[in-house]
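Each remark here refers to the structure printed beneath this line.
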Amino acid sequence: IILLTILVRSCMFPLSRKQALAAAKMQELQPELAVLKEKYKNTPEKFAKAQLDLFSKNKCHPLGGCLPALIQLPIFFGLYQAFNISVEMRGAHFLWVDNLAAPDSLFKFGFIMPFLGPSFNLLPILTVCLFLVQQKMLMPPPTTPEMEMQHKVFFYMTIFMGYMFYSVAAGMCVYFIASSLW
């Protein structure tokens with residue numbers, strides 16, 4: 001799984017690089033966008049035109065960071081399916097995990113925990129923690145109320161993803177952990 005992660009991330013490097021460069025370019029334009037927003041706060045049409053002019057002058061597209069991420073989605077869906085139905089992953093051992101095709105189940109609670117189920121799965125929690133660390137490292141501190149709201153949305157979205165990941169195959173979590181560390 002780790003070698004597969006290295007292979008996939010290496011193949012996706014040009015897209016990831018383009019995504020990072022587009023995000024950096026958008027971040028550079030934030031002060032100018034704030035000035036435009038203040039200047040045209042009562043005329044949204046003029047703001048939209050000025051914003052498009054700013055983007056075209058700087059050869060930047062607001063969706064430049066999203067397109068590479070969308071291209072990667074089929075790979076993630078394919079990996080998700082592969083880890084769930086792969087016979088080779090069943091019974092495959094990695095660290096404390098006895099079955100990479102099922103949740104890692106570090107220990108049983110002895111009762112059913114609301115939202116989590118009957119066992120404690122460590123890998124999804126590690127995955128979410130790494131995602132939060134990445135967000136903290138890569139996202140600049142908020143300077144406007146909109147950016148502060150965006151930070152909160154990303155934080156809660158990551159927590160929700162952790163809830164969704166809690167019962168996925170351990171192999172998928174190993175993939176995401178290796179990918180985050182990459």
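The values are calculated or read from the model by the stated rules, or taken from the named source; none is laboratory data. Quantities reported herein were computed from a predicted structural model and do not represent experimental measurements. Cβ coordinates were reconstructed from backbone atoms using ideal geometry, including for glycine residues, and neighbour counts include every protein chain displayed.
Worth a mention:
- Check on F120, farther than 20 Å from L15 by Cβ and at pLDDT below 75: no
- Flag for F155 being under 28 Å from P103 (Cβ atoms) and surrounded by 12 or more Cβ atoms within 10 Å (Cβ to Cβ): yes
- Identity of the residue in region 106-117, out of contact with any helix residue (DSSP H, G or I) (no Cβ under 7 Å at 6 or more places or on another chain) and either part of a loop (DSSP other than H, G, I, E, B) or at pLDDT 80 or above (or both), that ends up surrounded by the most Cβ atoms within 10 Å (Cβ to Cβ): L116
- Residue match in region 35-55 (condition: in contact with a helix residue (DSSP H, G or I) (Cβ under 7 Å, 6 or more places away or on another chain), closer than 22 Å to F165 by Cβ and at pLDDT below 80): no
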